[in-house]
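Each remark here refers to the structure printed beneath this line.
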Amino acid sequence: MIIHAGYYEGDLYLWGEVSEDDNDINKQTKGGIRPHPLGASIGGLSRSLKGTSLKIRPRVSSSLVKIWLPTINNNPIPSSDAGLAPPEANLTVVPWSVQAIRLPLETTVDVICAVMGKKTLDSGAVVGADLVYWTDVLRFAGLHVARQQFLPDLTVDKNAYTAVWTPVFVDDSLERLSGLVERMPAVARALAPTEAGPPRRSAQEILSQAVNMMVDYIVRSAASGSHTPMTGRRKIFSSAHELWLYALKATGRVAGTQYGISDLVTDVHQWRWPIDIRTRHPIQLCFRLEEPDEEAGYTDEWRVRYLVQYRDDPSLTISAEEVWRDGTNLFPGQDDISIRELLLILLGQAARVSSSIAASLARREMGGYNIDMKGAYEFLTKDAVALRKAGHTVMLPTWWTNKSIKPRLAARAGTKNFNISTGMLSLNTIVSFDWEAALGGQKMTLDELERIARIKEPLVRVRGKWTAVDVPDIESAIKFMKKGPKKVRFRDVIRTALGVTDIPSGMVFDGVETDDHMAEVLKRLDGKAGFRELEQPEGFVGTLRPYQLRGYSWLSFLGGWGLGGCLADDMGLGKTIQVLA
């Protein structure tokens, strides 16, 4: 059985799809609509969910529902064949009836968590692609809660007031939301239990409703301390605000005309307005860190520049200074708010997470502010992170976004005093040995590392390019390179190449570079090159299989170098050989 999940008007419906020879096929009709020929019965669906620790009451929540599916020759296409229909086929989308279990929101979350990461259930039932999709949606909703990207709200529908928690979609969450809309399987929104025609709601509408409800449920559950709403005697509240705060933790229903709820709706919407207008507007704020202009002679003057960016095309940017001067002409048709007012709102929100931005606004610097090297490092490590978390875009130099602050160490070993064909290279052969360091992708001499360590700055220019460094790591690299031996035995080179040598924690080991003779041995040990396969030894009683011959050849190669090897169970060279011989 394949378990499917469709979303309709705030509820998730589970239904099953079985093979033609299955006895658990539903044969009931709904309003003259034919039953799905492969639709599972409620009994079969319930049995497939046993063993999942899910508290589902199918007798209470089951019903016949209508689902619109692609159909060929009066038969719905099985989900396993959905992508195989020939293009010239006479395909239509028609309604079928299936038996389904309607899940309330709290059970929906439990079910999705129970199947998350699974391909099959304990019963052997397969988790359908549409049900897997809803696990991604729940992750997305949970991520918003974890990032605290949600706000309380008060909605009105036909004079009914509801306190809810709603997600705030900013920055990368908008891209993720768009991606989920595009990936929604058609069958996930194919249900239309109460509609005469096919479902009319778009994937965007359905996903937004589902995410909103999941976020509200997760936050409300955490706020109330359990999955059950707060109950008890009728409470008396001193104000509409107190009633609203209580409802945000309880059922959400806000009742009581004596509290002036309609005025509270206006207050809440005004309070949310700066965030709501920011998420609705086609532009966003961007902060770009610019390196010092060396040609102009400003060797230690960095700049954080304020830019305005189009959401639909982030490559289009305009300086905030220019927008402040001539915003009306640059962004015509924005009647709900002036562009200058929006710019002030965005900068004001950014100033709450960055004292440097707040100080620049106090100085009426609308284009950005200048900083020294220490200020640039603070922006890179603190302000940029805080601004991104607040939903703003940050543009940083490529050397930082692709940064490798830790020094990378590689060993260089070599000797010209042997010929591998004569067998002169052995584990005891003395070879020259040096450590080499690299920073920002460039090899560094010991003198260069010592100069960087003396500067004691987190940002340095290395051969004309800025690089982020951790001074203690640089000092550790210097000490390690100085104390390293200049002459070692080949066995020590092998140990280093295989990662046995202790490297200081602040550094990354990039391997060993050797001449052709030693490189051949190291590549064989590392599995990057093959080794000569031997014939079956004379006098052996029996016939070795190919995999046993490879294992025998490998052990022989190790033994030739005086290295020990461990027999693996699947080599077939232990008790198996003893029995054969």
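Brief remarks on what is shown
- Within the stretch 430-478, the residues that satisfy the criterion of being over 33 Å from the mean Cα position of the chain (by Cα), hydrophobic (A, V, I, L, M, F, W, C) and in a helix (DSSP H, G or I) are 446, 449, 452, 453, 455, 477, 478.
Residues are listed down the side, and each one gets a yes or a no for (1) without any contact (Cβ under 8 Å) to a residue 60 or more places away in the chain; (2) among the aliphatic types (A, V, I, L, M); (3) surrounded by 15 or more Cβ atoms within 10 Å (Cβ to Cβ):
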| position | (1), (2), (3) |
| --- | --- |
| 130 | no, no, yes |
| 138 | no, yes, yes |
| 142 | no, no, yes |
| 145 | no, yes, yes |
| 156 | no, yes, no |
| 161 | no, no, yes |
| 164 | no, yes, yes |
| 168 | no, yes, yes |
| 172 | yes, no, no |
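- Residue satisfying condition, being surrounded by 16 or more Cβ atoms within 10 Å (Cβ to Cβ), within 15 Å of residue 289 (Cβ to Cβ) and modelled with pLDDT of 90 or more, within set 361, 347, 380: 380
- From the options 549, 573, residue that is part of a loop (DSSP other than H, G, I, E, B) and either surrounded by 15 or more Cβ atoms within 10 Å (Cβ to Cβ) or hydrophobic (A, V, I, L, M, F, W, C) (or both): 573
- Qualifying positions in the stretch 175-205 - under 20 Å from residue 96 (Cβ atoms) and part of a helix (DSSP H, G or I): 186, 187, 188, 189
- Condition check for residue 193: out of contact with any helix residue (DSSP H, G or I) (no Cβ under 9 Å at 6 or more places or on another chain), surrounded by fewer than 15 Cβ atoms within 10 Å (Cβ to Cβ) and outside the structural domain of residue 112 (by the TED database): no
- Breaking point among (1) within 22 Å of the chain's Cα centre (by Cα); (2) at pLDDT below 95; (3) of a type in the set (Val, Ile, Thr); (4) under 15 Å from residue 12 (Cα atoms), for residue 211: (2)
- In the stretch 100-115, of all residues being of a type outside the set (A, V, I, L, M) and out of contact with any His (no Cβ under 9 Å at 6 or more places or on another chain), the one that is nearest to residue 40 (Cα to Cα) corresponds to 102.
The values are calculated or read from the model by the stated rules, or taken from the named source; none is laboratory data. This one's a predicted model, so the numbers in the text were calculated from it and none came from an experiment. Positions of Cβ are generated from backbone atoms using ideal geometry, with glycine treated the same way; all protein chains shown enter the neighbour counts.
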